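Single-structure report; data block below.
The values are calculated or read from the model by the stated rules, or taken from the named source; none is laboratory data. Because the structure is predicted, anything quoted here is derived from the model rather than measured. As a convention, Cβ positions derive from the backbone with ideal geometry for all residues, glycine included, and neighbour counts pool all protein chains shown. Surface accessibility is based on the protein's heavy atoms, side chains included, excluding ligands, DNA and RNA. Shrake-Rupley method; radii C 1.70, N 1.55, O 1.52, S 1.80 Å.
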Amino acid sequence: MPEDSRPFPPGTLPARLNPALRQQLLALGGIRHYPHGEMLMREAEPYGEVILILDGFVKITANGEENRLAFLVIRSRGDILGEISAMEQDTHTGTATAAGPVVGRAMSAAAFRSFLEQNPPAAFAVAELVANKLRNSIRRRVEHVDGSVRGRLARVLIELATLWGRPAARGVQLAVGLSQPELAALVAADERSVNRALAELRNMQVVDVGYRRVIVLDLEGLERVAFGNNNRPGGSGS
């Protein structure tokens, strides 16, 4: 089945558009294949393209304080990359890297802007998506200072398992391979603390961890760790 013809996840831009506008969007640009590790966009580079992800996973990172890697989010099918820089006609705010093979529809920023200018419902849908990204960014900033490293890690793992989990022989395996430094960046903690938290979760038998592999064995148990009293503001945690 062609990548453009499969249903898009609810909430993504193509899913928000009526069939006619969706076809107009999918007619922009052309299909492009990105191998694992290829950068689709680079932080601070001038805008030029907007990419609609059709298949695969993309990691979004940025340089944080003291030039340390900040792992921001994972994007997948139906997500748009570069739309903010295209609308602002400014440089990219993050780096997008293929996490495994990725298929995307790449269109020029000018074509994307013209599409939005000519179709107000599409422009409104993009504005909603940008607002959601801002809201989620604020929520993550709050969670990064809320409770213990173990609790924050548990919340991140729950989100990843819910959004990008696939059934495994036991539990749910994250579909995206993440290194421990990347997990540390997502949780906003040092790698040693995250390694210790992972070991604790493994000893509690709620996760199983290997090289770039995390399996959630007990989602309810992980939720108790994530949202228990000890991991709320003012809790002692570990």
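Descriptive notes on the structure:
- Length-normalised contact order of the range 11-142 in % [C-alpha pairs under 8 Å, at least 6 apart]: 35 percent
- Accessible area (Å², 1.4 Å probe, nearest 10) - GLU223: 70 Å²
- Modelled spin-label separation between LEU28 and ASN136, with each label point placed 7 Å from Cα along the Cα-to-Cβ direction: 1.9 nm.
- Distance distribution note for the range 146-226: the fraction of Cα pairs above 15 angstrom is 49%.
- Between the range 11-77 and the range 159-205, the alpha-carbon center distance in angstrom: 23 Å
- In the chain, the calculated helix contribution to ellipticity at 222 nm averages -12500 deg cm²/dmol per residue, counting -39,500 (n - 2.57) for every DSSP H run with n ≥ 4.
- Descending by average beta-carbon neighbour count within 10 Å, the peptides 79-87, 54-62, 14-22 line up as 79-87, 54-62, 14-22, the highest first.
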